[in-house]
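A short write-up of the structure that comes next.
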Amino acid sequence: MDILQPPDWTPPRGYSNGVMTQVAVGDRLVFVGGQVGWNGLQQFETDDLAEQVRQALLNVMAILTEGGGKPEHIVRMTWYVKDKREYVAAYPEIGKHYREIVGRHFPPMSAVEVADLVEDRAKVEIEVTAVIPA
């Protein structure tokens, strides 16, 4: 996978602007549906945004692992948050959780503030696309 970064652009912090990968015979695409910050029993253990991000990332990785994937196979992430200000204020803690779970792999990401999420207690929902090589 190659990071796509125009040489005259300032590098983004914590994500990539784009990646390019060649999908060969035997490679697998994995699409992880939006994961919220509840546990495997669909129970929220916290209303803290950063802790919900931590759990959502753990959920993403559990599903990716089921498909034989690792963090470095993630090629795109989309984050849906209910409160942009709360999200920005939680950057340091979110970054700590991200590095703990995903490591120093920073695929292209989008973060979108939404009016609401389907699960009332959810403050964040994360979806992922991954390419797992043969």
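The values are calculated or read from the model by the stated rules, or taken from the named source; none is laboratory data. Predicted model, so just to flag it, every value in this text is computed and none were measured. Ideal geometry is used to build each Cβ from the backbone, glycine not excepted, and the neighbour counts take in all protein chains shown.
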- Task: Any residue in segment 80-97 that's over 20 Å from Glu119 (Cα atoms): show its pairings with residues that are at pLDDT 95 or above at Cβ separation under 6 Å, as long as the two are six or more apart or on different chains.
- Result: Ala90/Leu49; Ala90/Ala50; Glu93/Ala50; Ile94/Ala50; Ile94/Val53; His97/Val53; His97/Arg54
- From the set of residues in segment 21-48 that are under 13 Å from Asp120 (Cα atoms) and under 14 Å from the mean Cα position of the chain (by Cα), which is surrounded by the most Cβ atoms within 10 Å (Cβ to Cβ)? Gly37
- segment 105-130, residues that are touching a residue at least 40 places away in the same chain (Cβ under 8 Å) and not in a loop (DSSP other than H, G, I, E, B): Pro108, Met109, Val124, Glu125, Ile126, Glu127, Val128, Thr129, Ala130
- Message: For segment 109-125, check the following and say yes or no: at least one residue is of a type in the set (Lys, Arg) and more than 23 Å from Arg28 (Cα to Cα).
- Response: yes
- Output the number of residues of segment 59-96 satisfying the condition of being within 11 Å of the chain's Cα centre (by Cα) and not aliphatic (A, V, I, L, M). 6
- Glu125 meets each of (1) buried (at least 18 other Cβ atoms within 10 Å of the Cβ); (2) within 25 Å of Leu4 (Cα to Cα); (3) among the acidic types (Asp, Glu) with one exception, condition (2)
- Message: I want to confirm something. Restricting to segment 71-104 and keeping residues that are of a type in the set (A, V, I, L, M) and part of a helix (DSSP H, G or I), which single residue is surrounded by the fewest Cβ atoms within 10 Å (Cβ to Cβ)?
- Response: Val88
- Message: Six or more apart or on different chains, Cβ atoms under 6 Å: show the pairs whose first residue is in segment 19-34 and in contact (Cβ under 8 Å) with a residue 40 or more places away in the chain and whose second is polar (S, T, N, Q) and not in a loop (DSSP other than H, G, I, E, B).
- Response: Phe31/Thr129
- Tell me which residues, restricted to segment 56-70, are in a helix (DSSP H, G or I) and either of a type in the set (D, E, K, R) or touching a residue at least 12 places away in the same chain (Cβ under 8 Å) (or both). Ala56, Leu57, Leu58, Asn59, Val60, Met61, Ala62, Ile63, Leu64, Glu66
- Quick count over segment 1-38, residues being farther than 25 Å from Ile132 by Cα and either in contact with a Pro (Cβ under 8 Å, 6 or more places away or on another chain) or assigned to a loop (DSSP other than H, G, I, E, B) (or both), is 6
